[in-house]
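Here the structure is laid out as structure tokens; the discussion comes afterwards.
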Amino acid sequence: MKQLLNMAVTLDGAADQVQAITQLSNHNEFTIDQAYEIQELSIGQRIRRGESLAGYKLGFTSKAKMEQMGIHEIIWGRLTNQMQVEGNGTLLLDQYIHPRAEPEVAFRISKTIDKKIELNEVYDYFDAVCGAIEIIDSRYKQFRFSLEDVIADNCSSSAYVLGDWFPADTELNHLDIQLKLNKKTVQSGNSSAILGNPLESLVALSEMAEKYNIQIIEGQIVLAGAATSAEYLTSGDRVEAIFQNLGSVNFKVN
Ligand code: OOG
Ligand code: MG
């Protein structure tokens with residue numbers, strides 16, 4: 001246990017000090033279940049400093065992401081309130097190691113998810129949806145990691161920006177999604193790239209909730225996973241994601 005805590009503290013410190021570390025798996029052997037324990041302990045450090053759990057994120061729910069990073073399993077991580085950046089706001093580059101942005105769809109949960117739910121039940125569990133941007137910032141050098149490494153590192157999550165909320169019955173499948181950097185489209189995709197339908201991400205998360213004994217509660221946010229590859233950010237960038245049916249989200253990088 002001590003060793004898992006040490007790894008958790010190392011990851012938390014890397015984020016806090018904005019200093020990339022060597023992949024943990026280079027020098028330690030740990031399982032996927034232990035990686036989730038490290039993640040929990042590492043986020044626990046943030047909670048102890050006063051942050052609160054704001055929700056969850058899924059990773060590698062699209063082929064584009066799996067292929068960009070070379071990992072083909074669905075993973076999940078935690079979001080805290082501190083990680084939220086306001087829409088139209090500014091991301092301060094010096095707080096991140098090598099941040100990348102990716103367009104996401106987000107759900108606002110309205111009823112506790114703690115066991116597997118079916119696709120035909122998902123509408124009972126959220127009351128709003130929005131377009132979002134996730135900022136991922138691997139704490140590992142060169143943004144390279146094993147499956148265990150990235151899970152321990154909270155699935156690279158470091159910040160998120162939410163757009164305006166739309167009603168839960170907004171059609172979410174087959175929506176065009178674009179990511180723009182400085183007005184130029186750098187990624188385009190479709191929401192159906194997310195597990196065939198972004199609603200499936202809630203089913204996937206519900207399986208994780210049952211397996212890992214977590215509860216996603218009313219008011220928490222779930223990021224469904226990016227539909228496109230992620231793009232590196234540099235100083236001065238203006239980042240915008242545009243979603244059919246869900247408006248747009250933007251921020252600038254300083
Ligand atoms: C891991 C996180 C993946 C997504 O949306 O697929 C992810 C990474 O790419 O570093 O957030
Ligand atoms: Mg993501």
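Observations on the structure shown:
- Virtual spin-label span in nm between ASN245 and THR22, 7 Å along Cα→Cβ: 4.8
- A Förster radius of 25 Å, combined with the Cβ-Cβ distance separating ASP169 from ILE32, puts the computed FRET efficiency at roughly 0.10.
- Estimated FRET transfer efficiency when R0 is 35 angstrom, pair LYS116-GLU86 (beta carbons, to 0.05): 0.55
- For the chain, size of Cβ-based charge dipole, Lys and Arg +1, Asp and Glu -1, in debye: 680
- Over 30 Å between alpha carbons, listed pairs LYS63/LYS184; LYS115/LYS183; LYS111/LYS252: LYS115/LYS183; LYS111/LYS252
- A cut-off of 5 Å between modelled amide H atoms, ignoring neighbours fewer than 5 places along the same chain, links ASP237 with VAL253.
- Fluctuation leader among ASN81, ASN154, ASN28 - the chain, Gaussian network, Cα springs under 10 angstrom: ASN28
- By the helix-only formula, in which each DSSP H run with n ≥ 4 contributes -39500 (n - 2.57) and the sum is divided by residues, the chain has a 222 nm mean residue ellipticity of -7500 deg cm²/dmol.
- Only one residue of ILE136, ILE177, ALA20 has its Cα farthest out toward the positive end of the dipole of the chain, where Lys and Arg carry +1 and Asp and Glu -1 on Cβ, and that residue is ALA20.
- Partners for LYS141 among aspartates and glutamates (Cα-Cα distance below 18 Å; same-chain residues under 8 apart left out): ASP12, ASP16, ASP94, ASP149, ASP153, GLU231
- Computed magnitude of the charge dipole of segment 63-182 (debye, nearest 20; Cβ of K, R +1, Cβ of D, E -1): 400
- The distance separating the Cα centre of segment 65-139 from that of segment 183-252 comes to 5 Å.
Bear in mind these aren't lab numbers, they're just calculated from the coordinates by the rules spelled out. Note that this is a predicted model, so its numbers are computed, not measured. Virtual Cβ from ideal backbone geometry, glycine too; neighbours counted across all protein chains shown.
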